Structure formats: structure tokens, C-alpha cells
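Everything below concerns the one structure shown next.
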Amino acid sequence: MRKTLLAEFTAREGAEDEVARLVRDYALKVREEEGNLAFDVYTKAANPRGYWIFEVYRDEDAFKTHLDAPYGAPFNAALTPLIEEDASVLTFLDPLATHP
């Protein structure tokens, strides 16, 4: 079963350019992961400092591989002081069954 989530955070004022650079670089790496099916980065139209990242992984194992990637911890360590939240807020999603 696919692993789908939404990661959300807000860049601090003055850190917008650095956050955008970090996220762009990270997205390129994640999209190369064999088990990654989507890593779509958005900013909120009403608040361009607000980020939503829609992520889809082939399955739980692919997601675990993503979490263990060597570039994940350095990305999070660099991002954390640049965002308003303590860390990215993760919301895990399940598909809605289309048939009862």
C-alpha cells in the first residue's frame, strides 16, 4: 500500500530564499529515490512563506528507505532554525475508498 503524506511548515521572515534553496535541492534528491512516486512542493497562495509538500512513496519500506537516506538529517538540521515550527508538521493520508 502506498505511503502518502503532507509535510507543512512556514519559513521565518528573512529566511525565504534559503528555505526555497534547501527545499529545491532536497526535492531533487528525493525524486531520485527508487520508491518515491511524488514529491511536489507548493507554497500557499495566501502566504508564500507557507509550504506544503505532497509526498507519495511506493510502500512503507520505500518510506523507511527515504527516512534513512543520508541527506535527510542534514536537510532537517538546516531547515529547523529557518522555520516557525519546531519541525515539519506531517499529516499521513489514506485514500478514500471509491466503492462501498
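Observations on the structure shown:
- Selection from region 84-100 of residues that are over 20 Å from residue 28 (Cβ atoms) and open to solvent by less than 60 Å² (accessible area, probe 1.4 Å): 85, 87
- The set of residues in region 13-24 being surrounded by fewer than 14 Cβ atoms within 10 Å (Cβ to Cβ) and touching a residue at least 24 places away in the same chain (Cβ under 8 Å) consists of 13 alone.
- 1 or more residues more than 15 Å from the chain's Cα centre (by Cα): qualifying helices (runs of 4 or more DSSP H) within the chain: 16-31, 60-67
- Search result, residues across region 32-56 that are over 19 Å from residue 76 (Cα atoms) and in contact (Cβ under 8 Å) with a residue 24 or more places away in the chain: 34, 35, 37, 47, 48
- Positions within region 29-87 being of a type in the set (Ser, Thr, Tyr) and more than 26 Å from residue 16 (Cβ to Cβ), in sequence order: 57, 65
- For residue 3, the criteria (1) farther than 16 Å from residue 76 by Cβ; (2) loosely packed, with under 15 Cβ neighbours inside 10 Å hold in every case but one, which is (2).
- Residues that are under 14 Å from residue 27 (Cα atoms), open to solvent by 70 Å² or more (accessible area, probe 1.4 Å) and aliphatic (A, V, I, L, M), drawn from region 37-72: 37, 67
- Odd one out for residue 29 among (1) touching a residue at least 40 places away in the same chain (Cβ under 8 Å); (2) open to solvent by less than 80 Å² (accessible area, probe 1.4 Å); (3) of a type in the set (Lys, Arg): (2)
The values are calculated or read from the model by the stated rules, or taken from the named source; none is laboratory data. Being a predicted model, the structure only gives us computed values, none of them experimental. Cβ atoms come from the backbone with ideal geometry, glycine included; neighbour counts cover every protein chain shown. SASA here: full protein model, heavy atoms, side chains in, ligands and nucleic acids out. Shrake-Rupley method; radii C 1.70, N 1.55, O 1.52, S 1.80 Å.
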